[in-house]
Amino acid sequence: MNRLIFALALAPALFTTGAFAQTVSDDVAKQLWCGEALVVAFSNPPPGVPSEQLAQAQGFIDGGNKLIDDASQKYLDGGFTEEALTKVKTDLVTEVTAVVGGNGASAKYTFDECNALLTGAPAPASSSEAPPASSSSAAK
């Protein structure tokens, strides 16, 4: 009987802990956002696009899907349920579609920042950060 009382007393704490266990780093959130953005941006090319550019677009779609798959696993590892992850992805697709469609929404990340995730290159410095002194003359 004491075990049952103890278990019932701990149940609310377990549920509360589970709700707070849904966390991912900013890098993982960026990875998912960029993956969704790349897939949305390159999935519907205008008519008459040359086949070379279609192949290039497919590379971005494939890379975006890899980012999504990797980030999705990190979300699940971070305590998100499949349902919560699906909601995050659905909300991101809505957000990203508005950005890509030019509906006045501002992008969280630039194309260069997202492309850097695909290539493994360091992301370019954001406009709010001062560029390193050694590269400022090369950029002019």
Residue check: is Phe42 more than 19 Å from the chain's Cα centre (by Cα) and either at pLDDT 90 or above or on the phi < 0 side of the Ramachandran plot (or both)?
no
Residues of the stretch 93-140 being among the hydrophobic types (A, V, I, L, M, F, W, C) and at pLDDT below 55, in sequence order, are Ala125, Ala130, Ala133, Ala138, Ala139
Scan (1) in contact with an Asp or Glu (Cβ under 9 Å, 6 or more places away or on another chain); (2) within 18 Å of Thr94 (Cα to Cα) for the single condition Ala29 breaks and write down its number.
(1)
Quick one: what pairs do we get from the stretch 67-90, first residue outside any helix (DSSP H, G or I), second crowded, with 17+ Cβ neighbours inside 10 Å, C-beta under 7 Å, 6+ apart or different chains?
Gly78/Val24
Name the pairs: first residue in the stretch 96-121 and part of a loop (DSSP other than H, G, I, E, B), second residue surrounded by fewer than 16 Cβ atoms within 10 Å (Cβ to Cβ) and not β-branched (Val, Ile, Thr), Cβ to Cβ under 7 Å, at least 6 apart or on different chains?
Ala105/Ala98
Looking at Val96, Val24, Val40, Val88, which one is surrounded by 13 or more Cβ atoms within 10 Å (Cβ to Cβ) and more than 21 Å from Ala116 (Cα to Cα)?
Val88
When Ile61 is run through (1) closer than 21 Å to Leu76 by Cβ; (2) at pLDDT 95 or above; (3) not basic (Lys, Arg), the failure sits at (1)
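Scan Leu92, Leu85, Leu38, Leu67 and give me the residue that is of a type outside the set (Gly, Ala, Ser) and touching a Ser or Thr at 6+ places or on another chain (Cβ under 7 Å). Steps first, answer last, please.
Values: Leu92 fails: touching a Ser or Thr at 6+ places or on another chain (Cβ under 7 Å); Leu38 fails: touching a Ser or Thr at 6+ places or on another chain (Cβ under 7 Å); Leu67 fails: touching a Ser or Thr at 6+ places or on another chain (Cβ under 7 Å).
Every option except Leu85 fails the conditions.
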Of (1) at pLDDT below 95; (2) in contact with a helix residue (DSSP H, G or I) (Cβ under 7 Å, 6 or more places away or on another chain); (3) of a type outside the set (Gly, Ala, Ser), Gln56 satisfies every one except (2)
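The values are calculated or read from the model by the stated rules, or taken from the named source; none is laboratory data. In this text the structure is predicted, and so the values were computed from the model without any measurement. Because the Cβ atoms are built from the backbone with ideal geometry, glycine has one as well, and the counts that use them run over all protein chains shown.
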